[in-house]
Amino acid sequence: MTQVDHAARASTTKGNDRVATILAAAKDILVTQGFANLSYRNIAKGAGIAVGNVNYYYPSKDDLMIHLAHYIFDQWDHRFRKRVPAKLKDGREIFRFSVEFMISENKRDRTVNLLMEMWAMANHSPSVSKMLGAFYEKMRTWIGEMIERVRPDLSKDSRDLRAALITAQIEGLMILIGPKRVRYGELTGLERAAALHIERLAFSD
């Protein structure tokens, strides 16, 4: 199904609500049961709708996975925006808060379960690989826009590369600071050091 076809089907209030219900059910299955149980039948059961309704909005598994990636990121972004202190106005301060927020998110069970599941399955499933790519594309764009607000003089290519490196650094921290990880004494202060390094990477000449 093309983006135009999907937009047409989800353009009504009922359609938007139905799509949101489908995506919420799919996300819950991913976090609690993993990709092995992410079937249209289980999504329909979790959403309280018929399987045919899931197929109507998402006849293509690829479309479902890409839209699910966008949904997951947008939910995360919504949670972030609610937590940004109103007193923060400066772009650099907001970036600093954002990095600390992203690092803290990668210590949550649900976040780690979801991302680890995506990483593992992306090597075996083209649909999941597209989902992972869509999720991190959103994240890189989000970071790039924050860099641009502080350093509008940087070229887009430079911002894109910095955003990609920052994304990799933040996500890579998960293997050391995520839940149930061994706390190595020599890594004390790792999160603070990472945040400072990421800020320098984002804005230095």
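The values are calculated or read from the model by the stated rules, or taken from the named source; none is laboratory data. Nothing here was measured: the structure is a model prediction, and the numbers come from that model. When we count neighbours, we look across all protein chains shown, and the Cβ atoms used for this are built from the backbone with ideal geometry, even at glycine. To get the accessible areas, we keep the full protein, side chains included, count just its heavy atoms, and leave off ligands, DNA and RNA. Shrake-Rupley method; radii C 1.70, N 1.55, O 1.52, S 1.80 Å.
Within region 3-27, the set of residues being modelled with pLDDT of 85 or more and open to solvent by less than 70 Å² (accessible area, probe 1.4 Å) comprises Arg18, Val19, Ala20, Thr21, Ile22, Leu23, Ala24, Ala25, Ala26, Lys27.
Residues in region 165-205 that are open to solvent by 80 Å² or more (accessible area, probe 1.4 Å) and of a type in the set (Ser, Thr, Tyr): Tyr184, Thr188.
Every listed requirement among (1) farther than 25 Å from Met118 by Cα; (2) surrounded by fewer than 18 Cβ atoms within 10 Å (Cβ to Cβ); (3) at pLDDT 95 or above is met by Arg41 save one, (1).
Scanning region 33-65 for residues that are over 12 Å from Leu23 (Cα atoms), outside any loop (DSSP other than H, G, I, E, B), touching a residue at least 40 places away in the same chain (Cβ under 8 Å) and not charged (D, E, K, R) yields a total of 2. Exactly one residue out of Glu100, Glu93 is at negative phi, open to solvent by 40 Å² or more (accessible area, probe 1.4 Å), in contact with an Asp or Glu (Cβ under 9 Å, 6 or more places away or on another chain) and not hydrophobic (A, V, I, L, M, F, W, C), and it is Glu100.
Taking region 143-164 on its own, how many of its residues are open to solvent by 30 Å² or more (accessible area, probe 1.4 Å), among the hydrophobic types (A, V, I, L, M, F, W, C), without any contact (Cβ under 8 Å) to a residue 40 or more places away in the chain and within 10 Å of Ala202 (Cα to Cα)? Count: 1.
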